[in-house]
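The values are calculated or read from the model by the stated rules, or taken from the named source; none is laboratory data. Note that this is a predicted model, so its numbers are computed, not measured. Reconstructed Cβ throughout: ideal geometry from the backbone, glycine too, with neighbour counts over all protein chains shown. Each accessible area value is taken on the protein alone, full model and side chains, heavy atoms only, with ligands, DNA and RNA left out. Shrake-Rupley method; radii C 1.70, N 1.55, O 1.52, S 1.80 Å.
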Amino acid sequence: MSVEFNFKEKYTIDDLLRIMEILRSDEGCPWDREQDHKSIKSSLIEETYEVIEAINKDDSVLMCEELGDVLLQVVFHSQLAKEEKAFSFEDVCDGVCKKMIERHPHVFGNVEVKDSSEVLVNWEEIKSRSKNRKSVSEKMLSIPRELPALMRSAKIQDKARKAGFDWDSADGAFQKVREEADELEKAVRENSNIEEELGDLLFSVVNVSRFLGVDAEEALTKSADKFTDRFILVEKLAAERGIDMQSSSIDELDKLWDEVKKQSN
C-alpha cells in the first residue's frame with residue numbers, strides 16, 4: 001500500500017520535509033526508521049566532502065546533486081529532533097537567519113565597515129559576545145575537536161596569534177620545526193613519547209604554513225595527490241622493465257622514483 005503523496009514536476013523544500021516525515025513514519029522505510037543522530041552522523045561528513053570534491057572539479061551539476069545530499073542530512077537530523085520534541089527544521093532556519101542578521105550589522109544595521117577584513121573582525125567579536133566567550137582560552141576550547149587535525153591546529157594557532165602569543169616572523173616557526181624534529185629523533189632512539197613528539201612536529205609544521213599563508217590541509221592533500229601520481233608512474237615503469245617492486249631494494253626503487261620525478265618536473 002503506497003502512502004499519500006503529491007507527485008510533481010518540480011519539488012520544493014516543503015516536499016523534502018514531507019518525504020522525510022513519510023520515510024520515518026510507520027508506513028515508511030524500515031532503514032530510515034531505525035536511524036538516530038549518531039548512526040547517520042558519518043553521512044553528513046561524507047556528503048560534505050563530496051560537495052568539496054564537486055567544487056574542486058568545477059562540476060556544477062555534481063555540486064547541485066551533492067548540496068542536495070547535504071540538505072537531506074540537515075532535514076534528516078531535523079526530523080529526528082522534531083520527533084524528540086527538541087527542535088524542528090523551522091527552528092534551524094529561524095536560528096541561522098537570526099545569526100546572519102546579528103552578525104551583519106553593516107548590512108542589517110547602522111554599522112559601517114571599510115573592507116572584508118573589518119567584517120571578519122566584527123564577526124568574531126559578535127560571535128564571542130553572543131557565546132559569552134571572554135578569554136582566548138575559551139575561544140580555543142570552542143574549536144571542535146572533531147575538525148581535521150591540521151585545520152583545528154591552524155585555528156588554535158590563530159587564536160593564540162590574536163592574543164599576541166606568536167613568533168615575530170616565520171624564522172621562529174622554522175626553528176621550532178627543527179627543534180621538534182630533533183626531539184622526535186631522540187624519542188625514537190629512546191622508544192619513548194613518540195606519538196607526543198610526532199604530534200608536536202606536525203603542529204609546528206602547521207605553524208610554518210600559517211606564517212606562509214598556506215592552507216596546511218590543502219597543501220598536504222596536493223602532496224598526497226602528487227605522491228599517488230608519481231607512484232602510478234613508478235609502478236608502470238617497473239612493470240615495463242620487468243622489475244618486481246616487492247623484491248627490489250629501496251635504492252633500486254628510489255632510482256625509478258627519481259627518474260619519474262625528473263620527467264614530471
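Order the following by accessible area, largest value first: V206, V177. Probe radius 1.4 Å; ligands, DNA and RNA are ignored.
Working: V206 5, V177 30 Å².
Largest accessible area first, the list is V177, V206.
Take the Cα of S116, step 7 Å toward its Cβ, do the same at V188, and the gap between the two points is 4.1 nm. Rounded to the nearest 10 square angstrom, S117 shows an accessible area of 70 square angstrom against a 1.4 Å probe.
Sum -39500 (n - 2.57) across every DSSP H segment of at least 4 residues in the chain, then divide by the residue count to get the 222 nm mean residue ellipticity, nearest 500. Taking each H run of at least 4 residues, the total per residue is -23500 deg cm²/dmol. Taking K186, K131, K159 in turn, the Gaussian network model of the chain (Cα-Cα springs below 10 Å) assigns the largest fluctuation to K186.
Shown is the FRET efficiency for F231 and L62, computed with R0 = 30 Å from the Cβ-Cβ distance and rounded to the nearest 0.05: 0.65.
Per-residue surface analysis assigns K139 an accessible area of about 60 Å², computed on protein heavy atoms at 1.4 Å probe radius.
If you plug the beta carbon distance of S142 and R241 into 1/(1 + (r/R0)^6) with R0 = 51 Å, you get a FRET efficiency near 0.40. Given a 1.4 Å probe and the protein chains as shown, M140 ends up with an accessible area of around 60 Å².
Solvent-accessible area per residue in region 68-217 equals 68 Å², computed with a 1.4 angstrom probe and all protein chains kept.
What is the local net charge at D229, summed over the other residues whose Cβ is closer than 14 Å to its Cβ (Lys, Arg +1; Asp, Glu -1)? Could the numbers behind the result be given before it?
Details: positive: K222, K226, R230, K236, K261; negative: D225, E235.
Taking every Cβ under 14 Å from that of D229, the sum is +3.
Can you sort D32, D251, D258 by 1.4 Å-probe accessible area, starting with the largest? Don't skip to the end; give the middle numbers.
On the way: D32 20, D251 110, D258 65 Å².
The residues order as D251, D258, D32, largest area first.
Cut-off 16 Å, label point 7 angstrom out along Cα-to-Cβ of R129: give me the residues of region 83-109 whose amide nitrogen falls inside. Answer for this model: 99-109.
Going through the cross-link list K38/K98; K38/K176; K82/K127; K41/K162, which pairs have a Cα-Cα distance over 30 Å in this structure?
K38/K176; K41/K162
Tell me whether region 52-159 comes out rounded, prolate or oblate; compute the Cα gyration tensor, take square roots of the eigenvalues as a ≥ b ≥ c, and use a/c under 1.5 as the rounded threshold. Here region 52-159 falls in the rounded category.
Taking all protein chains together and a probe of 1.4 Å, list F211, F108, F165 from the most accessible to the least accessible.
Values: F211 60, F108 130, F165 165 Å².
Per-residue accessible area, sorted high to low, gives F165, F108, F211.
Please say if region 162-244 is rounded, prolate or oblate, where rounded means a/c under 1.5 for a ≥ b ≥ c the square roots of the C-alpha gyration tensor eigenvalues, and otherwise the choice is prolate for a/b larger than b/c and oblate otherwise?
Working: a/c = 3.52, a/b = 1.65, b/c = 2.14.
Oblate shape, in that a/c is at least 1.5 and b/c is the bigger or equal ratio.
Calculated FRET efficiency, F7 to E196, Cβ-Cβ distance, R0 = 41 Å: about 0.10 to the nearest 0.05.
For the chain, hydrophobic long helices are taken as DSSP H runs at least 24 Å long by C-alpha position along their axis with mean Kyte-Doolittle hydropathy of -1.0 or more; these are 60-83, 194-212, 216-240. Name the shape class, rounded, prolate or oblate, that the alpha-carbon gyration tensor gives for the chain, where a ≥ b ≥ c are the square roots of its eigenvalues, rounded holds for a/c under 1.5, and otherwise prolate holds if a/b is larger than b/c and oblate otherwise. Cα axes put the chain in the oblate bin.
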